[in-house]
Amino acid sequence: MRAAPLQILVLGALLTVAGCGKPQPRTFTVTIADMAFGPAPADARVGDHIRFVNADMFEHTATARDGAFDLDLAPKASGEAVLSRAGQLAFYCRFHPGMTGVIAVSP
């Protein structure tokens, strides 16, 4: 049995629309332990979320150098930021400036 041309066009349009949606935002976790940030995600995109988890016994911050976020993190606390633009996003701890990291954010 052959599909009618109109059915083929409708199916093609539905498949095209379904494939054009934006990817869903993902949440990545960066753990702070032993006075250091853990590894940053390798494939972050604009719109993704970064959850910073302070597993250390000291208070820390996750502070973007460009001002995009500034999270105060008590011991055992967590905070989240949304990646709003593409590029290299450098961050550090305001209390311990030697603690640094960089997230490469794709469009």
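Structure data summary
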{"quantity": "Under 5 Å, built H, 5+ apart or other chain: amide partners of A44", "calculated": "S106"}
{"quantity": "V53 accessible area, assembled protein chains, probe 1.4 Å, Å²", "calculated": "40"}
{"quantity": "Under the Karplus curve 6.51 cos²θ - 1.76 cosθ + 1.60, θ = phi - 60°, whole-Hz ³J(HN,Hα) for region 37-45, x wherever Gly or Pro sits", "calculated": "7, x, x, 7, x, 8, 10, 6, 10"}
{"quantity": "Derived scalar couplings ³J(HN,Hα) [region 96-107; Karplus, 6.51 cos²θ - 1.76 cosθ + 1.60; whole Hz; x for Gly, Pro]", "calculated": "9, x, x, 7, 9, x, 9, 10, 8, 10, 8, x"}
{"quantity": "Under-5 Å amide H pairs with T31, H placed in peptide plane, nonlocal only", "calculated": "G38, V53"}
{"quantity": "Protein-only accessible surface order, largest first, of M35, M57, M99 at 1.4 Å", "calculated": "M57, M35, M99"}
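The values are calculated or read from the model by the stated rules, or taken from the named source; none is laboratory data. Predicted, not measured: the structure shown is a model, and the values here were computed from it. Note: areas computed on protein heavy atoms with side chains; ligands, DNA, RNA excluded. Shrake-Rupley method; radii C 1.70, N 1.55, O 1.52, S 1.80 Å.
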